[in-house]
1. Take Asp164 and tell me if it is at pLDDT below 95, of a type outside the set (Val, Ile, Thr), buried (at least 19 other Cβ atoms within 10 Å of the Cβ) and over 20 Å from Asp98 (Cα atoms).
2. Cβ-Cβ distance below 7 Å, separation of 6 or more or different chains: which pairs start in the stretch 168-189 with a residue that is surrounded by fewer than 14 Cβ atoms within 10 Å (Cβ to Cβ) and end on one that is among the basic types (Lys, Arg)?
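The values are calculated or read from the model by the stated rules, or taken from the named source; none is laboratory data. Quantities reported herein were computed from a predicted structural model and do not represent experimental measurements. So basically every Cβ, Gly included, is an ideal-geometry build from the backbone, and we count neighbours across all protein chains shown.
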Amino acid sequence: MKTVLTFALLVMMTGFGFAQQKNQPGSWRFQSINSVGLLEGQAGSAFQLQTVNGARYLSWFTGIGVGLDNYRLRTIPIFLDVRKEFGNSSNKFFVYADAGISFSWIPDNEKMPYTQEHFSNGFYDDFGFGYKAALGRKNALQVSLGYSYKNLTDTYTYGYYNVDPPTGNPPEKISYYLNRLSIKLGWSF
């Protein structure tokens, strides 16, 4: 968990360093997209937070993102984000695609009692479309709608009355394949 948080901090610090560069038309420039959202699926509703830091060239953007995903099981996705904007005005439509790893961060109160559990990290993706409304020259408000997926595997062994380690029981597995609708509101600079 410390490794994931350290990586996320380094991504954000690197991005802020690039933000100080002057921009030339048609040149690469730093951009940060920070969003809050709602995930809706068969397992109910949950919130999500994301920050994506990367580089923009003309109408293309690519960056590294990290987030907090509270849908069904709490995870921290770390992913590659690619976006393409359409139009010549300052307000634009865009499409995006994210792919990466979903790191499990399950609170103790959500784990099964009388078991030893291990959650394996899984695949994460999110793709969709949105609209970007300019707020001045460098800032913009973004709203997007997309499809998101994550999977995790829970390997557990039952114990008896908190016996550690559990005795004589073979490990069992539950695989979670979570499909959901993603609605995000973000600010980019």
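1. Answer is no for this residue.
2. Taking only residues 6 or more apart or on different chains, the pairs are Phe189/Lys138.
Here is a yes/no grid of residues against (1) crowded, with 19+ Cβ neighbours inside 10 Å; (2) at pLDDT 90 or above; (3) under 19 Å from the mean Cα position of the chain (by Cα):
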position	(1), (2), (3)
Asn23	no, no, no
Leu39	yes, yes, yes
Ser45	no, yes, yes
Asn70	no, yes, yes
Asn91	no, yes, no
Trp105	no, yes, yes
Gln116	no, no, no
